[in-house]
Amino acid sequence: MKDNAGSELKAKKPKQEGHIWGSMRRIAFILGSGLLLSVALWNSVMWHLQRFWGASGHFWQAQWERLLWNFEGKEWILFITGAALVPGLLFWAFNGLLLVVDTTGKPGCIARYRIQQGKNQPVDPVKLRQSIRTVLSNQYMISFPMVVFLYPFLKWWGDPCRRELPTFHWFLLELAIFTLIEEVLFYYSHRLLHHPTFYKRIHKKHHEWTAPIGVISLYAHPVEHVASNMLPAAVGPLLMGAHLSSITVWFSLALIITSISHCGYHLPFLPSPEFHDYHHLKFNQCYGVLGVLDHLHGTDTMFKQTKAYERHVLLLGFTPLSESIPDSPKMA
Ligand SMILES: [Zn+2]
Ligand SMILES: [Zn+2]
């Protein structure tokens, strides 16, 4: 019996080793081919983008030189248009559309993507009017003068209206750096604003909206608007001595993304707003933009146990995530 069992064990061992070796090879094959596939995909995407940029790069360079020629000696007009007016107009165009849904609940095909069901249906008009007044005052009294003030610094550091447009690769690298700098500065300034001393006097205003809407992204106390909205976005371009074209794209992107993260609708093919929506709902979770620092500091542990976390993905279909991942009956 004993001998039999011993020989069985001996027979099993090489089989088991073979099995482990086999699965390791399978995993290595899957990982290797996955890596190869993503590198190939990335290379081909970059190739197409670069080809597009190469073809249109000369076109944009020629347009930019024409603008420079027309505004020779008055480059500050170009700077204010690119760094303040274009991003500001895009902000209001995008939020204007969202406000139609917030105030009328129509069209239903957009309203059905609402994250916090039953909230802002419709939005309180008095509260909305008062908030829009604050947003406009933040834009005209703070953002605009800050952009004007930024110009001489940028000009001294590396002229933002220089003749040469940045290359496509440099432009992508700049965007990545601006995003990382914003994440760090926004996360820590935002956490500081949640300290009881600052919260009551400053940040409470932004949190009056527990179910946020797009325009609320800039509804804040002036101190918060400077420290937590403007500086995290402006420090990157300032440090890098960015070109006006990069600044225009970055400020526009930053404003559209913050509007999406506050809009209250988890729309298809747009970045998920669940993270910051949850911050407005619960106050002490999800302080950052990307969520990297929340993961490191453990300020997203509660969020990770919720349905909102399961829904925090890029929606690639048309079924609202509140339907495909419904709240558990107890929560509902
Ligand atoms: Zn917010
Ligand atoms: Zn907050």
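The values are calculated or read from the model by the stated rules, or taken from the named source; none is laboratory data. In this text, all values refer to a predicted model and were calculated from it rather than measured experimentally. All Cβ positions, glycine included, derive from the backbone under ideal geometry; neighbour counts span all protein chains shown.
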Note to self: The conditions are (1) surrounded by fewer than 18 Cβ atoms within 10 Å (Cβ to Cβ); (2) within 16 Å of the chain's Cα centre (by Cα); (3) within 16 Å of ligand 1 (Cβ to nearest atom); (4) of a type outside the set (A, V, I, L, M), and ASN284 fails exactly one of them. Which is it?
What the structure shows: (2)
Margin query: Looking at segment 283-307 only, could you name the residues that are on the phi > 0 side of the Ramachandran plot and free of Cβ contacts under 8 Å to residues at least 24 places away in the same chain?
Written below: CYS286, GLY291, GLY298
Item checked: Complete set of residues in segment 287-305 that are surrounded by fewer than 18 Cβ atoms within 10 Å (Cβ to Cβ) and either modelled with pLDDT of 95 or more or out of contact with any Asp or Glu (no Cβ under 8 Å at 6 or more places or on another chain) (or both) -> HIS295, LEU296, HIS297, GLY298, THR301, MET302, LYS304, GLN305
Item checked: Residues of segment 193-244 satisfying the condition of being touching a residue at least 60 places away in the same chain (Cβ under 8 Å) and among the small types (Gly, Ala, Ser) -> ALA211, GLY214, ALA220, ALA234, GLY236, GLY241, ALA242
Checklist line | Any pair with Cβ under 7 angstrom, 6 or more apart, that starts in segment 308-324 at a residue that is in contact (Cβ under 8 Å) with a residue 24 or more places away in the chain and ends at one that is surrounded by 11 or more Cβ atoms within 10 Å (Cβ to Cβ) and part of a helix (DSSP H, G or I) | finding: ALA308/GLU274; ALA308/TYR278; TYR309/PHE303; ARG311/GLU274; ARG311/LEU321; HIS312/GLU274; HIS312/PHE275; LEU315/LEU321
Next item on the list: Go through segment 125-165 and give me each residue that's among the charged types (D, E, K, R) and surrounded by 12 or more Cβ atoms within 10 Å (Cβ to Cβ).
Entry: LYS127, LYS155, ASP159, ARG162
